[in-house]
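What follows is one structure encoded as structure tokens, with my remarks underneath.
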Amino acid sequence: MGLLDSCPLRALSLAGVLMLSGCAATGPGPLYYWGGYQPQVYGHLTGEKGPDEQIAALEAGIEEARATGKPLPPGYQAHLGILYAEKEQGDRMAQYFEAEKAQYPEGAAYIDFLMRSKTR
């Protein structure tokens, strides 16, 4: 007679622990596709990366997000709009600001503020 045979409750507890530990290791992944967004914002704020480098990286990130089927995080498209404003490409700026508003309407007031301040 084994140790677990003498106590069915102990065997059931052990099975439950093993099952739960397996679930903990395979939890859900991130909600958004972050890609290189955070390093690009950091590079923008510190001046370590120019607008062209950031635009290229973020545009590539959009394609990667589409491939994974995950949405872009809040601010991603707005940051691209700001970068295009720095390059004086108002049409691209407006495109990304509008896309940000469509995806995250709760930020519309801020995007409208950015739009007004960048078009002056």
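Residue count for segment 20-51 under the criterion of being assigned to a helix (DSSP H, G or I) and at pLDDT 65 or above: the result is 11.
Of the residues making up segment 93-120, those that are among the hydroxyl-bearing types (S, T, Y) and buried (at least 18 other Cβ atoms within 10 Å of the Cβ) are Y96, Y104. Checking each residue in segment 62-93 for being of a type in the set (D, E, K, R) and touching a helix residue (DSSP H, G or I) at 6+ places or on another chain (Cβ under 6 Å) picks out E86, K87, R92.
Could you tell me whether G61 is part of a helix (DSSP H, G or I), within 17 Å of Y32 (Cα to Cα) and small (G, A, S)? Spelling it out, G61 is indeed part of a helix (DSSP H, G or I), within 17 Å of Y32 (Cα to Cα) and small (G, A, S).
The values are calculated or read from the model by the stated rules, or taken from the named source; none is laboratory data. Computed from a prediction, not measured in an experiment: that's the story for all the values here. Counting neighbours? That spans all protein chains shown, and the Cβs are built from the backbone with ideal geometry, glycine included.
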